[in-house]
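Here's the structure, in structure tokens; my notes come after.
Just so you know, all these numbers are worked out from the coordinates, no wet-lab data involved. Because the structure is a prediction, the values reported are computed rather than measured. Methodologically, a virtual Cβ is constructed for each residue, glycine included, from the backbone with ideal geometry; neighbour enumeration extends over all protein chains shown.
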Amino acid sequence: KQEVTQIPAALSVPEGENLVLNCSFTDSAIYNLQWFRQDPGKGLTSLLLIQSSQREQTSGRLNASLDKSSGRSTLYIAASQPGDSATYLCAVRKADYKLSFGAGTTVTVRA
Amino acid sequence: DVKVTQSSRYLVKRTGEKVFLECVQDMDHENMFWYRQDPGLGLRLIYFSYDVKMKEKGDIPEGYSVSREKKERFSLILESASTNQTSMYLCASSSRKILLNYEQYFGPGTRLTVT
């Protein structure tokens with residue numbers, strides 16, 4: 001069974017600092033990995049999807065890297081802003097349609 | 001833009017009641033999913049459907065059933081609600097087209113409280 005771990009569970013940084021969020025998974029036979037953002041009491045918003053054949057994916061201030069062989073992905077958020085405060089979840093997909101989720105990292109960016 | 005909507009944002013029900021949670025997507029997606037999210041446990045898959053009238057159990061199907069009579073609509077049913085089903089329920093959908101990477105899109109969630 002795929003286990004997905006996100007460390008740390010919570011992170012607090014001053015505005016302007018770069019954020020580094022980690023995700024690890026136990027089974028490297030994945031199809032893709034998706035990073036989501038969740039605001040309190042809301043649904044999930046997809047941020048980036050990175051295919052198993054890709055090393056990284058970028059969107060604006062966000063960059064996600066993937067090292068499939070070691071079972072790790074990292075989400076970098078450059079020059080953090082208070083609006084980046086949210087919970088960030090990673091999820092991996094194997095050959096079927098299902099996603100396995102990590103428990104998330106809750107980020108607070110202090111103004 | 002993909003839109004996934006859920007019938008209620010907040011719901012309060014009594015123990016033993018039958019509860020229906022509705023989800024609608026407007027992107028002609030084949031796959032639809034129901035998850036529940038609890039603190040410390042993350043998102044867990046309850047059921048998913050890969051076509052009309054087709055369903056498959058997820059990781060925690062006990063106490064739940066589903067219905068998919070139309071492609072755009074996927075319903076989660078709690079036959080007899082219990083307090084341990086108090087949770088945030090999230091619906092998602094995805095295409096089966098490989099070029100779209102099976103990316104999942106989520107609804108806003110329904111916070112269900114069973115008293």
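Take segment A:2-48 and flag every residue that is without any contact (Cβ under 8 Å) to a residue 12 or more places away in the chain and under 22 Å from residue A:96 (Cα atoms).
Matches in segment A:2-48: A:45 only.
Conditions: (1) touching a Leu at 6+ places or on another chain (Cβ under 9 Å); (2) within 14 Å of chain A (Cβ to nearest Cβ); (3) in a loop (DSSP other than H, G, I, E, B); (4) farther than 11 Å from residue B:23 by Cβ. Residue B:112 meets all but one. Number of the miss?
Among (1) touching a Leu at 6+ places or on another chain (Cβ under 9 Å); (2) within 14 Å of chain A (Cβ to nearest Cβ); (3) in a loop (DSSP other than H, G, I, E, B); (4) farther than 11 Å from residue B:23 by Cβ, residue B:112 violates only (3).
Test residue B:90 against the stated conditions and say whether it is at the interface with chain A (Cβ under 9 Å from one of its Cβ atoms) and either among the hydroxyl-bearing types (Ser, Thr, Tyr) or without any contact (Cβ under 8 Å) to a residue 40 or more places away in the chain (or both). Steps first, please.
Numbers: at the interface with chain A (Cβ under 9 Å from one of its Cβ atoms): yes; either among the hydroxyl-bearing types (Ser, Thr, Tyr) or without any contact (Cβ under 8 Å) to a residue 40 or more places away in the chain (or both): no.
Answer is no for this residue.
Can you tell me which residues in segment B:63-81 are part of a loop (DSSP other than H, G, I, E, B) and in contact with a strand residue (DSSP E or B) (Cβ under 6 Å, 6 or more places away or on another chain)?
If we filter segment B:63-81 for residues that are part of a loop (DSSP other than H, G, I, E, B), which is where we start, we get B:63, B:71-72, B:79-81.
Matches in segment B:63-81: B:72, B:81.
Between a residue in segment A:84-111 that is within 14 Å of residue A:5 (Cα to Cα) and any residue that is surrounded by 18 or more Cβ atoms within 10 Å (Cβ to Cβ) and among the charged types (D, E, K, R), which pairs come within a Cβ distance under 6 Å, given they are 6 or more apart or on different chains?
As it stands, the answer is A:88/A:37; A:99/A:93, since those pairs meet every condition given.
Which condition does residue B:14 not pass, out of (1) more than 11 Å from chain A (Cβ to nearest Cβ); (2) over 14 Å from the mean Cα position of the chain (by Cα); (3) surrounded by 18 or more Cβ atoms within 10 Å (Cβ to Cβ), if it passes all the others?
Among (1) more than 11 Å from chain A (Cβ to nearest Cβ); (2) over 14 Å from the mean Cα position of the chain (by Cα); (3) surrounded by 18 or more Cβ atoms within 10 Å (Cβ to Cβ), the lone unmet condition for residue B:14 is (3).
Name the single residue that is surrounded by the fewest Cβ atoms within 10 Å (Cβ to Cβ) among those in segment B:93-113 being of a type in the set (S, T, N, Q) and in contact (Cβ under 8 Å) with a residue 60 or more places away in the chain.
We begin by selecting, within segment B:93-113, every residue of a type in the set (S, T, N, Q); these are B:93-95, B:101, B:104, B:110, B:113.
In the following step, the residues that additionally are in contact (Cβ under 8 Å) with a residue 60 or more places away in the chain were identified as B:93-95, B:104, B:110, B:113.
On the way: B:93: 28, B:94: 24, B:95: 18, B:104: 26, B:110: 23, B:113: 13.
Only one residue tops the list, namely B:113.
Please note which strands (runs of 3 or more DSSP E) are completely contained in segment A:1-94 and include at least 3 residues that are within 12 Å of another protein chain (Cβ to nearest Cβ). Don't jump to the end; show me each part of the working.
Details: elements: A:4-7, A:10-14, A:19-25, A:32-38, A:44-51, A:56-59, A:62-67, A:72-77, A:86-93.
Filter on segment A:1-94 gives A:4-7, A:32-38, A:44-51, A:86-93.
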